[in-house]
Structure formats: C-alpha cells, structure tokens
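A.B. asks: Here's a structure for you.
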Amino acid sequence: MNVDSDSDISISDYEETEAGLSRSKAKGKGKATEKRKKDKAKRKPKDVQAYTWEANFTRSWETVQEDEGGSLQGAVNDWVARGRRKRLLEPQNAIRRTIIRHAVLLIDLSSSMMDRDMRPTRFAVTLQYAREFVLEWFDQNPLGQMAVVGMRAGVGERVCDMSGNPQDVLKSISDRHRLEPTGDPSLQNSIEMARNSMNHLPTHSSREILIIFGSLTTCDPGNIHDTLDECVKNRIRISIVALAAEMKICRDLCDKTGGQFGVAMNEGHFKDLLFELVPPPAQRAMPRTSAGAGGGSTNLASDLMMMGFPMRLPDTSPPSLCVCHSELRSKGFLCPRCLAKICDVPTDCDICGLMIVSSPHLARSYHHLFPVKPYAAVASFDDVADPSSSPSCHACSRPFPKTVSQNIADGMSAIGRYRCPDCNTDFCSDCDVFVHDVIHCCPGCGK
C-alpha cells in the first residue's frame, strides 16, 4: 500500500518536471530565434542598396514619392536634376572623338544567363536592353557600324555581320529561340572572332568590343593574355558590363585597352552602365610618322579622309543587282565613284572601297565634337534684369512661373529659368533637356 502510493507520487512528480523542462526549452528557443533576427537586422542597415541577388522582393511603386499636394512633379524634378548634375560633370571643352565607329556587341548566351536575380531572367533583361541600346547607339552614331557575336557552348557564334542598318541588328537579336542560352562562355574565342572581323578596318575609325558578361567562368582553349596583347596592338577598345561579379581578367581587358568596366547591381544600374557606352570615346593619341623619316611609312594619324555622297534611287526605278546582297532591288544608292548599287548607307563600297555616307548623317555626328554648353540655373528674380521682357521660354513660348518654388533639388532653378551662357536667353526645364539630349543646338545662338 505504501509502496504503491510512493510510486504514484514519484511518477507524477517526474511528469510535472518533464513538462516544465519542455516549456522552458520552448521559451528558450523562441528567445534565441528572436535574438538572431534582431542581430541580423542590426548587421544589415536598411539604407544600404543591396545587389540584385541579395534582394528578396522589390516594390517598384514605392520608389516614386508624391509631394504634399499629391503630385508627382517632385519625382520628375529629381530625375531632371540628376541629368543636369551628370551633364555638368562632363568636360566642357571640345574633345577629339572618333565619329566613325565600328563596334562588336558580345552577348553572353551561357546557362548562367538563366538566373533569376534580374526579373524575369538575365537573358530576357539583356535582350530587352540590347535592343534599346542598339537603337540609341545608331541614333547617336549615324556613321557607325555594329556586329553581334554570341558566347555559348565554349565557342563564339556570329549572330549578325557588320552593318550600318539598325534594323538588321535588331532583327538578329529578336529571335529568342535562336539565342537560347546553353553551356559555358568563352571570352577568348569570342574576342578572337571579333578581332579578326575588324583587322581590315582603317585607322581613322574606332574599333570597339562591347561585352555583356553574366558568368563567373570562361572556357578558353589557350592563353587569353595573348589575345589581350593582340587587342592592345591592334588598338581595340574593350568594355565590359558584368552581371554577376568582378573578375580580374575582365578588369585587365578593360584597363589595358582603355575601355570601361562595371558590375550591374540591379536592372536600372545595368541599363545605366550599358548606355554609358553610347557616346563615342575620346580618341587616343596615335603616332605620326613622315614618309621621309620612315622610308615609305604611312601616316597613322589621318586628318583628312575621303568620303562619297551617293545618289538615291527612287522606288519606281527599274530593278537591278546590288553589290552587297546580289539581289534585284528597285531602291538603293549609287556610289559616286564607280556607280555600283548599294542598299544602305553608311557603308564601304564593295567595288572601289570608298566610304559612302549621307550628308544628314555626317551633320548629326558633329554634336559629339562640339557639345552645347550647359545652361546655368537662374537662382532668383534678382538675376533677371527685366522679367517683363522675357516672360516666356525662348523656345516653346511657355510662360515662366511668377512665384518662387520651394523644396528645389540641387542644380534646379527655383523660378524655372535656365540661361544660355553665350546668348543669355532663358529656357524652361523641358527645353533645357530637349536641347542637350535631342537637337544638340541652342535655338537662341545656334551654337
């Protein structure tokens, strides 16, 4: 009797002790989890911009902030202010630039481009930005020509030959099924293919290789540093936009050839890095040798070059064979030297080798050599001699505001006036952007 009672008491005490221990463990585990979350939040500050592969979810609509009145004009003003500050940082003096450009766009088509750190995939974002880049590149460089090479399965595949027609380049990179990523990339094979396609180009034109690289490895058959030395010898400029991380060989390729290198943190940064390659680069100093000193050596720094302005054939002209495609076509252009028929300009005549350009293309290329000076932001009405003499914008005739705006971003005018330093005429913010980004000519002084 006593034994049974003692055993019952011991069992109940044991069960209560075990239940208490389990409750204490559960509480301790919950506290440890909360402590780890707090420590993780302390280690990673919220104001630091993370890379794309470190972000979990992005609310893009939260990046646009409304002002007190519910308007989005403040966000637009910030975008304009960033453009003005970027324009002020550019060199104001005339720089010798190469307006005749030959570029080869190398696109990584390896399996790493299917990663989803950029929505929806790196491959989809790259094709979208590549199409926008081609349109902007040909708009700003009408005398340039571009080719496209893909990197996949350890080899370089020619996607599009060198062409001065942007529609040919866009058509070649529009077929997603043809460019399906697979295998590993090869920097050496792709750069060798691009270099061999530019060996015949003249010295007065720039030779550039633009690479969009998303892998962390490269499958090369030989020493890639030998290829780098050949690119330096042939004066080929290599620029790389990396989507994954920085690699030493990519940095060396850009630094030794005088190109640009950048690692994209997200989709917006990727587009900014790519579009920084649109303006023509500054021309590097080239050796100048005389025929008497070198015994028949040529002058590498060409000051004058021969061009031809073709005659355009109407659409109703009788069909004839073109020398570029050997096809019967009605419209086209005639070479002024040998009267050979070509389809598009600018290009080099396949018969006589003359560079054929159109006069509008040549005129549009000069805005890189003589850029429009940045307009100065008028701070207050005290800087305006007579507001009644210039009540509206000189370009669009839109009336200027008569009150001083508050909460103006750095670089913006509080009264909405931007003045040309040469003719001292005032323009609105929209015309300021339009003049410097589109027409590249001041409507007041014509400079």
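A.B. asks: To check you understand DSSP bridge types, tell me what percent of the beta bridges within the range 293-437 (both residues inside) are antiparallel, rounded to 5.
C.D. replies: If we restrict to bridges inside the range 293-437, about 90 percent are antiparallel.
A.B. asks: Rounded to the nearest 10 Å², what accessible area does TYR366 show when all protein chains are kept and the probe is 1.4 Å?
C.D. replies: Approximately 100 Å² of TYR366 is accessible to the 1.4 Å probe.
A.B. asks: OK, next. Mind checking which of CYS423, PHE400, GLY411 is farthest towards the positive end of the range 307-439's charge dipole, using Cβ charges of +1 (Lys, Arg) and -1 (Asp, Glu) about the Cα centre?
C.D. replies: So the residue we want is CYS423.
A.B. asks: At 1.4 Å probe size, put SER320, SER110, SER326 in order of accessible surface, largest to smallest.
C.D. replies: Largest accessible area first, the residues go SER326, SER320, SER110.
A.B. asks: Per residue, how much accessible area does the range 370-447 show when a 1.4 Å probe rolls over the protein heavy atoms, in square angstrom?
C.D. replies: So the range 370-447 comes to 56 Å² accessible per residue, rounded to a whole number.
A.B. asks: Which of the three applies to the range 111-253, rounded, prolate or oblate, going by the alpha-carbon gyration tensor with a ≥ b ≥ c and a/c under 1.5 meaning rounded?
C.D. replies: Note, shape of the range 111-253 comes out oblate.
A.B. asks: Give the ranking of MET198, MET114, MET193 by solvent-accessible surface, highest area first, calculated with a 1.4 Å probe.
C.D. replies: MET114, MET193, MET198
A.B. asks: Got a number for the accessible area of CYS322? Probe 1.4 Å, square angstrom, nearest 10.
C.D. replies: The accessible area of CYS322 comes to roughly 10 Å².
A.B. asks: Within 13 Å, Cβ to Cβ, of PRO319, how many net charges do the neighbouring residues add up to if Lys/Arg are +1 and Asp/Glu are -1?
C.D. replies: Here the charged neighbours net out to +1.
A.B. asks: Further question on the same structure: So how far apart, in nm, are the two label points at ARG116 and ALA363 if each is 7 Å from Cα heading toward Cβ?
C.D. replies: 5.2 nm
A.B. asks: Once you place label points 7 Å from the Cα toward the Cβ at GLN283 and SER390, how far apart are they in nm?
C.D. replies: 3.6 nm
A.B. asks: What FRET efficiency would be calculated for the residue pair ASP229, MET305, taking the C-beta separation as r and a Förster radius of 35 Å, to the nearest 0.05?
C.D. replies: Using R0 = 35 Å, I get an efficiency of 0.80.
A.B. asks: In whole percent, and with a 1.4 Å probe on the protein chains, what portion of the accessible area of the range 304-396 is carbon and sulfur?
C.D. replies: 59 percent
A.B. asks: Could you tell me which of rounded, prolate or oblate describes the range 150-210, using a ≥ b ≥ c as the square roots of the eigenvalues of the alpha-carbon gyration tensor, with rounded for a/c under 1.5 and, failing that, prolate when a/b is larger than b/c and oblate otherwise?
C.D. replies: Judged from the Cα gyration tensor, the range 150-210 comes out oblate (a/c at least 1.5, b/c at or above a/b).
A.B. asks: Mind grabbing the accessible area of LYS447 for me, 1.4 Å probe, Å², rounded to tens?
C.D. replies: 140 Å²
A.B. asks: Label-point separation (nm) for LYS447 and VAL155, each offset 7 Å from Cα along Cα-to-Cβ?
C.D. replies: My value for the distance between the label points is 5.7 nm.
A.B. asks: Compute the label zone of THR403 within the range 416-447: residues whose backbone N is under 18 Å from the point 7 Å along Cα-to-Cβ.
C.D. replies: Counting backbone N atoms under 18 Å from the label point, the list is 416-417.
A.B. asks: Just subtract the alpha-carbon distance of LEU321 and CYS423 from 0.36 nm times their residue separation and send over the number in nm, one decimal.
C.D. replies: Here the segment from LEU321 to CYS423 would lengthen by 31.5 nm.
The values are calculated or read from the model by the stated rules, or taken from the named source; none is laboratory data. What you are looking at is a predicted structure, and each value in this text was computed from that prediction instead of being measured. Reconstructed Cβ throughout: ideal geometry from the backbone, glycine too, with neighbour counts over all protein chains shown. Ligands, DNA and RNA are excluded from the accessible area calculation, which covers all protein heavy atoms including side chains. Shrake-Rupley method; radii C 1.70, N 1.55, O 1.52, S 1.80 Å.
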